[in-house]
Amino acid sequence: MREFDQRFEEYMRGHTSEASRWMHVVGMSAAAAAAVTTVRRRRPKLLWTVPAAFFAFAWSGHFVFERNLPVGFTDPGAAFSGDLKMIYMMATGRNARLKELLARLEREDAAAECVDDVPVEGAAAEVAQCPRTLDHAA
């Protein structure tokens, strides 16, 4: 289970925008509607609409709000399981828990940017705060 949790944390690093996460929820809803329509009409030729409906929304969320590539491009397994968990959490009102997870990951990433209690140069250094450096300044 720990491996899944680690992969989910990596997955969530690519889903920091709440708007993008909601686009995934809408995409899954659209895919479910497409699947039901395909079955009810007994038209298997429409099966292509199921993934198309999901990816149209999910990828738009990445390209428009996240400005990154979907995790599925590099790790399809993590993307599938991560999508299911994230969408489930969003649809069941647990977005606050996802926000808490993202805040913790951001703090951990900022701390990892520190070398010898000094922020590393670069874009991340602007937001990185080295805990012990802040303690010494007080």
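The set of residues from the stretch 34-46 being in a helix (DSSP H, G or I) and either acidic (Asp, Glu) or open to solvent by 50 Å² or more (accessible area, probe 1.4 Å) (or both) comprises Val36, Thr37, Val39, Arg40, Pro44, Lys45. I'm trying to understand the selection: among the residues of the stretch 47-65, which are crowded, with 18+ Cβ neighbours inside 10 Å and touching a residue at least 40 places away in the same chain (Cβ under 8 Å)? Gly61, His62, listed by residue number. Look at Leu69 and say whether it is closer than 24 Å to Glu3 by Cβ, of a type in the set (A, V, I, L, M) and in contact with a Gly (Cβ under 9 Å, 6 or more places away or on another chain). Answer is yes for this residue. Does Arg7 satisfy the criteria of being open to solvent by 60 Å² or more (accessible area, probe 1.4 Å), in a helix (DSSP H, G or I) and among the basic types (Lys, Arg)? So Arg7 passes the test. All told, Gly93 meets the bar of being on the phi > 0 side of the Ramachandran plot and either loosely packed, with under 13 Cβ neighbours inside 10 Å or outside any helix (DSSP H, G or I) (or both).
Please work out if Pro76 is more than 24 Å from Ala103 (Cβ to Cβ), modelled with pLDDT under 95 and surrounded by fewer than 19 Cβ atoms within 10 Å (Cβ to Cβ). It is true that Pro76 is more than 24 Å from Ala103 (Cβ to Cβ), modelled with pLDDT under 95 and surrounded by fewer than 19 Cβ atoms within 10 Å (Cβ to Cβ).
Entry remark, the stretch 10-26: residues being in a helix (DSSP H, G or I) and open to solvent by 10 Å² or more (accessible area, probe 1.4 Å) number 8 in total. In the stretch 18-46, the residues that are under 30 Å from Leu101 (Cβ atoms) reach residues that are acidic (Asp, Glu) and assigned to a helix (DSSP H, G or I) with C-beta atoms within less than 8 angstrom, at least six apart or across chains, in these pairs: Ser20/Glu66; His24/Asp83; Met28/Asp83.
The values are calculated or read from the model by the stated rules, or taken from the named source; none is laboratory data. Nothing here was measured: the structure is a model prediction, and the numbers come from that model. Glycine gets a Cβ as well: all are built from the backbone with ideal geometry, and neighbour counts include every protein chain shown. Accessible surface areas use protein heavy atoms only, side chains included; no ligands, DNA or RNA. Shrake-Rupley method; radii C 1.70, N 1.55, O 1.52, S 1.80 Å.
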